[in-house]
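The values are calculated or read from the model by the stated rules, or taken from the named source; none is laboratory data. Here the structure is a predicted model, which means the values were calculated and not measured. We place every Cβ from the backbone using ideal geometry, glycine too, and count neighbours over all the protein chains shown.
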Amino acid sequence: MTTTEKPQEFNVVGTRPIRHDGVDKVLGRALYGADIRLASMIYGAVLRSPHAHAKITRIDTSKAEAMPGVFAVMSGKDMPLVASGALDLGETVDDTAFTSDRIMAHSKVVYKGHPVAAVAAIDSNTGLEALKLIEVEYEVLKPVITLEDAMAPGAIVIHEGLIGSDLGEQVKNTNIAVHNRLEFGDPEAAFDQSKTVIERTFIISRAHQGYIEPHASTAFWAPDGKITVWTTTQAPFGVRKTISALLNQPLSNIKVTPTEIGGGFGGKIPVYLEPLAAVLSKKAGRPVKIQMDRRAVFEASGPGPGGTVKVKMGVDDKGKITAATADIRYGAGAYPGASIGAAASGIFACYEVPNVRVDSYDIVINMSKTAAYRAPGTPQATFASETLVGELCEIIGMDPMEFHLLNASKEGTRRPDGPLFPRVGNEGCLLAIKGSDHFKSTLEPSAEGKLRGRGMASGYWNGIGNKSSVTINVNEDGLVSLIEGNPDIGGTRTTIAMQAAEILGLPAEDVHPAVGDTDSIGYSDLTAGSRTTYATGTAAIEAARMVIDEMKKRVAMIWETEYENIEHIDGMFISKVAPDQKFTFKEAAGKLGQTGGPVALTGTVNVRGSGGGSFGTHLVDVEVDPDTGKVEILRYTAAQDAGKAVHPSYVEGQFQGGAVQGIGWALNEEYYTSEDGVMINSTFLDYRMPTSLDVPMIDTIIVEVPNVNHPFGVRGIGETSIVPPAPAVANALADAIGARLYQTPMNPGRILEALAAKQSGK
Amino acid sequence: MHPYQYIPATNITEAVSALARYGNRARILAGGTDLLVQLRGERYELDAVVDAKAIPELVELTLDGGLTIGAAVPCYQVYENLAIAAAFPGIIDAASLIGGIQIQSRASLGGNLCNSTPSADGICPLIVHSGVVTITGVDGTRTMPVEEFSTGPGRNALGNGEMLISINLPKPAAHFGAAYQRFIPRNEMDIAVVGVASAITLDATGQKVESARIALASVGPTPIFAKQASEFLAGQTATEETFAKAGAIASTEATPISDMRGTIKQRHHLVEVLTRRTLVQAVRRARGNA
């Protein structure tokens, strides 16, 4: 651990209690999206477009409507397109019209798997059979799949209504939704003065989050206009807002209950099924549940974007960076919104770059709209920048660790998008890796003629703060119930409870956390942007402080003294004036009835920014079979700045999970897509995520440089860990095989080709 | 999913008459690890599914020098039998490779054969162990070598009303060894980019090849018996150099396509690599130092 000042003392924070939700999950009692079963519930099924780009010329649902067992059928006319407007979802802002059209096609389908109709039936098989009776006629259009085709002059325009923004200028008839530029200094002049300048172009495949639980939503639209929704989501309040906007219903008529969630990683922020279930429910007068199958998840939910990233970097004779430029182009999918902003601000965040320019493009293509995927946009960009740094170090003959340390961004460094870093853990992570057993070890050559190599890379994710609410109810037995509004995708129920427990002076087990529905807890922004432990934790601290304050008043009443005379130390209420007067929290709680009634208090916060974000550095050893191109990950160490690790086991789990996902991007995961825009490998068999047999135990090092923006110094840590793996693996592969790959996935076929090209001297 | 009749058969006559009645709208259910997935994925529609797991001949597993594997015997029963594992190593390589433990407790080599995909891990080892299949229909029983059973992707020699009863492997000769290896980008839960099974019989000195059989998976419309490479090895000295030559010949017998799992060039190359590697492993086993 690296700390630069005397750390705060904690009783609960920093310990490893058993997770509150563990027993339910181990026993299979936890209720996930698909587990919702209501009286008289019926089952929805969605008819999806077989074409990536086509006009809908006719839909006839009459045969499906007449089928026994079918209760309701809907198509675009039952969910009219809403006007364009801003749909602020907390981390991103979508357009209402595009969202409406994405969820149910109206006049045109723009991606394979685009919903064109839906039914609700007595059981799911009847629903699937009814879909076959719906007649849809299409006028098939040429799909726009590649970025080159989408950007070419005279390109087929996917959305006639799309008004693009090219450096702030409005552009019509385009697929380029946004072209932004960040710039300071004079990169060209600096390149001219540099000792060495290299430029490379990288290609990154779109990659799916691969959460185990497919999307599943249930809705009941009651005759009084109240809409109740149970859904697996990271953003219950975002679901409420989206349904309100898309179905034109009062926000407060809608209640959203988030179920347990089987993985999200950003992919469960967008709304897909909820409005369809609601519309079908209104027609049928019954609750309707809809689930996606895995193919629908791959084809029609939102993976992270693929694209191309061109990077150029110059250094002086000491290896100090003189300038860097990047050109980032992401395929957003069928509607705008690839995460180019974070990509642009993150691509050079690990370095002090005196002259910089980053162009970024958000490009519409005929594939499913991409979504957030763990540090959205940043792993792709960083694959390019950190792999380029690896090659640059080779060329100038400098050790990558020394290069990183020489050029590391630190307090006061200006990030490409403007802000100056506060105190951050970039150097701390580098030094943690430099001091690790792994770094100090020698990579022994293989006894079997395999090729071994070592590589490193750093990465950054800023994250967000935003709005959260936490309610604490003090029960008469002295335990407390804690309600928060953030679905728990990473152990946050426990980490939030632990922060409250720290203030309350209780053990973590005495705080019983629950994720509330949108009617039972104050507004809370989504679980995303590494914000939940950080920002909702801040709300929990706020609520706990309010509880202690109120209980001090109650204790003062009992002891017939002034509030100012009551202290709360190590969980005890103590009188300053009569030191023998003491109450434990439990004793005080038991007397609330006599002193004015229940204590139930809500802390609400709107936390500004992340406090600087979290840096990470990863080190990896790989082994390549030169005959087959197969890669084994031999050893892997991930160091990252947690500010203060609330529950170190969860922090380590986040480091490991992100590393494994990143290894998947690096080695095998890709959307293998036909020219018609059809994903061919839409199964877990052929979409090759790493299994437990494909990765070693990921070693972790928690670096703790306190976050000035959080009472305990906590940083959001959920996302950074997916940023360094792909370039770390790329650099290790280059070390192993003596050739470089510039495209993900770096699969066995591509490695064999690189080896063959090297042998033939190309 | 189209509704179908579930017919639990208790003897062969019941099963074949059900098959004959429904024609190509009926299929045999053994472990169901392919059939049920294909039905749910609507790869085809059936009117009847005939469960064969209660038919005695289909769950028979007998080792009496040779080996009889009933068509519905799950993989785990084959690989957990140590005597079978010692005598038929090529089969064990495959049976312990198909799916994970849960799948292996249901899936059968017979089902793998009847599913007839070119990438089947189970078929090539049966070929190099000189397996012969027994097929029964309403008109009687016939046999054929395993390598003649698959006729195309998902297609095989079973006629209307016919079912696979068992696979029969002859007793291996002295100084016999066999091995199956596949290439997958991951370490488990994957489908062969290329698979190669090799069997070899050495002379008493353990240095010369008396006979060999090589079969290739995932490089043609069916599993391929690499006849030329097999014949080339007879009489050769058992060295890596010889095996590399056999690999080069086997590669010419492969007719792969490029798809999401690999390219033509990559697959030809992998046939060479895996042929060499499986021959080395088979020889090690033949010499008794596996």
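Within the range A:316-328, does at least one residue satisfy the condition of being hydroxyl-bearing (Ser, Thr, Tyr), buried (at least 21 other Cβ atoms within 10 Å of the Cβ) and assigned to a loop (DSSP other than H, G, I, E, B)? For the range A:316-328, residues hydroxyl-bearing (Ser, Thr, Tyr), buried (at least 21 other Cβ atoms within 10 Å of the Cβ) and assigned to a loop (DSSP other than H, G, I, E, B): absent.
Yes/no per residue for (1) assigned by TED's automatic domain parsing to the domain that holds A:Ala508; (2) without any contact (Cβ under 8 Å) to a residue 40 or more places away in the chain; (3) more than 25 Å from A:Ile212 (Cβ to Cβ); (4) in a helix (DSSP H, G or I):
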site: A:Pro598; (1), (2), (3), (4): yes, no, yes, no
site: A:Leu601; (1), (2), (3), (4): yes, no, yes, no
site: A:Glu623; (1), (2), (3), (4): no, no, yes, no
site: A:Pro626; (1), (2), (3), (4): no, no, yes, no
site: A:Leu634; (1), (2), (3), (4): no, no, yes, no
site: A:Ala638; (1), (2), (3), (4): no, no, no, no
site: A:Lys644; (1), (2), (3), (4): no, no, yes, no
site: A:Gly657; (1), (2), (3), (4): no, no, no, yes
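Here are the criteria: (1) under 20 Å from A:Leu752 (Cβ atoms); (2) more than 13 Å from chain A (Cβ to nearest Cβ). Tell me which single one B:Arg276 does not satisfy. Failed condition: (2). Please go through the range A:15-66 and give me each residue that is touching a helix residue (DSSP H, G or I) at 6+ places or on another chain (Cβ under 7 Å) and more than 20 Å from A:Val511 (Cα to Cα), ordered by number. A:Ile42, A:Tyr43, A:Gly44, A:Ala45, A:Val46, A:Leu47, A:Arg48, A:Ala64 - these are the residues of the range A:15-66 that are touching a helix residue (DSSP H, G or I) at 6+ places or on another chain (Cβ under 7 Å) and more than 20 Å from A:Val511 (Cα to Cα). Any idea how many residues of the range B:1-39 are closer than 23 Å to B:Gly99 by Cβ, more than 14 Å from chain A (Cβ to nearest Cβ) and buried (at least 19 other Cβ atoms within 10 Å of the Cβ)? Residues in the range B:1-39 being closer than 23 Å to B:Gly99 by Cβ, more than 14 Å from chain A (Cβ to nearest Cβ) and buried (at least 19 other Cβ atoms within 10 Å of the Cβ): 6 in total. A single member of A:Gly337, A:Gly341 is surrounded by fewer than 24 Cβ atoms within 10 Å (Cβ to Cβ) and under 18 Å from A:Gly266 (Cα atoms), and it is A:Gly341. The single residue among A:Ala528, A:Ala544 that is in contact with a strand residue (DSSP E or B) (Cβ under 7 Å, 6 or more places away or on another chain), modelled with pLDDT of 95 or more and crowded, with 16+ Cβ neighbours inside 10 Å turns out to be A:Ala544. Going by the conditions given, is A:Tyr687 out of contact with any Ser or Thr (no Cβ under 9 Å at 6 or more places or on another chain), touching a residue at least 24 places away in the same chain (Cβ under 8 Å) and away from chain B (no Cβ under 14 Å)? Criteria not met by A:Tyr687.
To keep it simple, each residue is scored yes or no on (1) among the β-branched types (Val, Ile, Thr); (2) facing chain B (nearest Cβ under 9 Å); (3) more than 26 Å from A:Ser301 (Cα to Cα); (4) crowded, with 23+ Cβ neighbours inside 10 Å.
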site: A:Ile680; (1), (2), (3), (4): yes, yes, no, no
site: A:Thr691; (1), (2), (3), (4): yes, yes, no, no
site: A:Met697; (1), (2), (3), (4): no, no, yes, no
site: A:Val705; (1), (2), (3), (4): yes, no, yes, yes
site: A:Val708; (1), (2), (3), (4): yes, no, yes, no
site: A:Val714; (1), (2), (3), (4): yes, no, yes, yes
site: A:Ile717; (1), (2), (3), (4): yes, no, no, yes
site: A:Ser721; (1), (2), (3), (4): no, no, no, yes
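Count of the range B:158-174 residues, restricted to those that are part of a loop (DSSP other than H, G, I, E, B) and in contact (Cβ under 8 Å) with a residue 40 or more places away in the chain, is 7. Scanning the range B:131-145 for residues that are surrounded by fewer than 17 Cβ atoms within 10 Å (Cβ to Cβ) and assigned to a strand (DSSP E or B) yields B:Gly140, B:Thr141, B:Arg142, B:Thr143, B:Met144, B:Pro145. Can you name the number of the only condition in (1) within 20 Å of A:Val309 (Cβ to Cβ); (2) assigned to a loop (DSSP other than H, G, I, E, B); (3) without any contact (Cβ under 8 Å) to a residue 40 or more places away in the chain that A:Ile145 fails? Unmet condition: (3).
So that you can scan it fast, the table gives a plain yes or no per residue for (1) modelled with pLDDT under 95; (2) under 30 Å from A:Val239 (Cα atoms); (3) within 28 Å of the chain's Cα centre (by Cα):
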site	(1), (2), (3)
A:Ser446	no, no, no
A:Gly459	no, no, yes
A:Gly465	no, yes, yes
A:Val470	no, yes, yes
A:Val480	no, yes, no
A:Pro487	no, yes, yes
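Going through (1) more than 14 Å from every other protein chain (Cβ to nearest Cβ); (2) in contact with a strand residue (DSSP E or B) (Cβ under 7 Å, 6 or more places away or on another chain) one by one, A:Leu128 falls short only on (1). Taking the range A:96-139 as the range and being under 34 Å from the mean Cα position of the chain (by Cα), of a type outside the set (Ser, Thr, Tyr) and in a helix (DSSP H, G or I) as the test, the residues that pass are A:Ala97, A:Phe98, A:Asp101, A:Arg102, A:Ile103, A:Asn125, A:Gly127, A:Leu128, A:Leu131. Here is the figure for the range B:187-212: residues that are surrounded by 24 or more Cβ atoms within 10 Å (Cβ to Cβ) and touching a Lys or Arg at 6+ places or on another chain (Cβ under 9 Å) total 9. Checked against the criterion of being closer than 30 Å to A:Ala734 by Cα, among the small types (Gly, Ala, Ser) and buried (at least 20 other Cβ atoms within 10 Å of the Cβ), the candidates A:Gly428, A:Gly490, A:Gly435, A:Gly463 yield just one match: A:Gly428. Exactly one residue among B:Asn160, B:Asn168 is surrounded by fewer than 24 Cβ atoms within 10 Å (Cβ to Cβ), in contact with a helix residue (DSSP H, G or I) (Cβ under 8 Å, 6 or more places away or on another chain) and more than 14 Å from chain A (Cβ to nearest Cβ), and that residue is B:Asn160. When the range A:233-265 is filtered for residues that are in contact with a Lys or Arg (Cβ under 6 Å, 6 or more places away or on another chain) and either crowded, with 22+ Cβ neighbours inside 10 Å or in a loop (DSSP other than H, G, I, E, B) (or both), the ones remaining, listed by number, are A:Thr233, A:Gln234, A:Ile254, A:Val256, A:Phe265.
Cβ-Cβ distances below 7 Å connect no pair with a first residue in the range A:176-198 that is without any contact (Cβ under 8 Å) to a residue 40 or more places away in the chain, a second residue that is surrounded by 13 or more Cβ atoms within 10 Å (Cβ to Cβ) and of a type in the set (Val, Ile, Thr), and a separation of six or more residues or different chains. Looking only at residues in the range B:245-255 that are out of contact with any Leu (no Cβ under 6 Å at 6 or more places or on another chain) and buried (at least 24 other Cβ atoms within 10 Å of the Cβ), which one is nearest to the other protein chains (Cβ to nearest Cβ)? That would be B:Gly247. Each residue in the range A:10-41 was checked for being at pLDDT below 95, crowded, with 16+ Cβ neighbours inside 10 Å and either assigned to a helix (DSSP H, G or I) or not charged (D, E, K, R) (or both), and 1 pass.
Looking at A:Val723, A:Val714, just one residue is touching a strand residue (DSSP E or B) at 6+ places or on another chain (Cβ under 8 Å) and over 30 Å from A:His51 (Cβ atoms), and that residue is A:Val723. Determine whether A:Arg452 is surrounded by 16 or more Cβ atoms within 10 Å (Cβ to Cβ) and within 30 Å of the chain's Cα centre (by Cα). No, not satisfied. Scanning the range A:604-632 for residues that are more than 22 Å from A:Gly718 (Cβ to Cβ) and not acidic (Asp, Glu) yields a count of 8.
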